[in-house]
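The block underneath contains the structure these notes are about, expressed in structure tokens.
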Amino acid sequence: MAIIKPNNNTISAITALPTGVGGKVLQAVEGTTTTETDTSSTSFVATNLSVNITPSSSSNKVLVLAMGNIDSDSNASAPRVTIYRDSTNIGTGNGLAVNYNPNRLITPSTMSKLDTPSSSSQITYSVRIKSGTGDSVRYGEAGTQKTIIAMEIAG
């Protein structure tokens, strides 16, 4: 059987996907934690949920999915959660908010972001949380698994 060379190139000479091949998942990485993060800070603080990915090309995108839960921990603390790329908030500016509630509220939190990092260097995506009022809030509960997934998408 003969070796077929795409467009008469050797495999090592191929540096890009053919036209029209964008949108395919090139790699997927996952980060998990069972550690909870408690804060009363009104500025975003890091949780223990993060993942590193190194895109193969600066023209590719990264789809980030983060799953966990938010605990208002007290009356009307208004917890907010967001996704960061390294030190940049790529979620909504003030974070995804849990509605004010006169009682404690624990709710699932699922976030997604299609990011265009324009980089082929290692990137860290992470979940951060803050309190809207300065009262105590929590991301996750001790022992429950929180997950973040980063998928490189061909540009």
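Tabulated values for the structure
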quantity	calculated
Residue that is modelled with the lowest pLDDT [pool: residues in the stretch 71-91 that are in contact with a Gly (Cβ under 6 Å, 6 or more places away or on another chain) and within 30 Å of residue 118 (Cα to Cα)]	80
Residue among 15, 10, 42, 32 that alone is in contact with a Gly (Cβ under 8 Å, 6 or more places away or on another chain), modelled with pLDDT of 60 or more and among the polar types (S, T, N, Q)	42
Residues located in the stretch 128-153, provided they are out of contact with any Pro (no Cβ under 6 Å at 6 or more places or on another chain) and closer than 15 Å to residue 29 by Cα	146, 147, 148, 149, 150, 151, 153
Selection from the stretch 29-80 of residues that are outside any strand (DSSP E or B), under 15 Å from residue 134 (Cα atoms) and either in contact with a Pro (Cβ under 9 Å, 6 or more places away or on another chain) or among the small types (Gly, Ala, Ser) (or both)	40, 41, 43, 72, 73, 74, 75, 76, 77, 78
The stretch 107-121, residues that are closer than 24 Å to residue 57 by Cα and of a type outside the set (Val, Ile, Thr)	112, 113, 114, 115, 117, 118, 119, 120, 121
Residue, farthest from residue 33 (Cα to Cα), within the stretch 107-150, restricted to residues that are under 15 Å from the mean Cα position of the chain (by Cα) and basic (Lys, Arg)	113
Single condition residue 104 does not satisfy, out of (1) charged (D, E, K, R); (2) within 28 Å of residue 28 (Cβ to Cβ); (3) at pLDDT below 90	(2)
Selection count, the stretch 105-150, where residues are polar (S, T, N, Q) and assigned to a strand (DSSP E or B)	8
Within the stretch 36-64, tally of residues that are of a type in the set (D, E, K, R) and within 23 Å of residue 118 (Cβ to Cβ)	1
Among residues of the stretch 62-82, those that are buried (at least 19 other Cβ atoms within 10 Å of the Cβ) and either of a type outside the set (A, V, I, L, M) or within 18 Å of residue 34 (Cα to Cα) (or both), counted	10
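The values are calculated or read from the model by the stated rules, or taken from the named source; none is laboratory data. These numbers come from a predicted model, not from an experiment. No Cβ is skipped: glycine too gets one built from the backbone with ideal geometry, and neighbour counts run over all protein chains shown.
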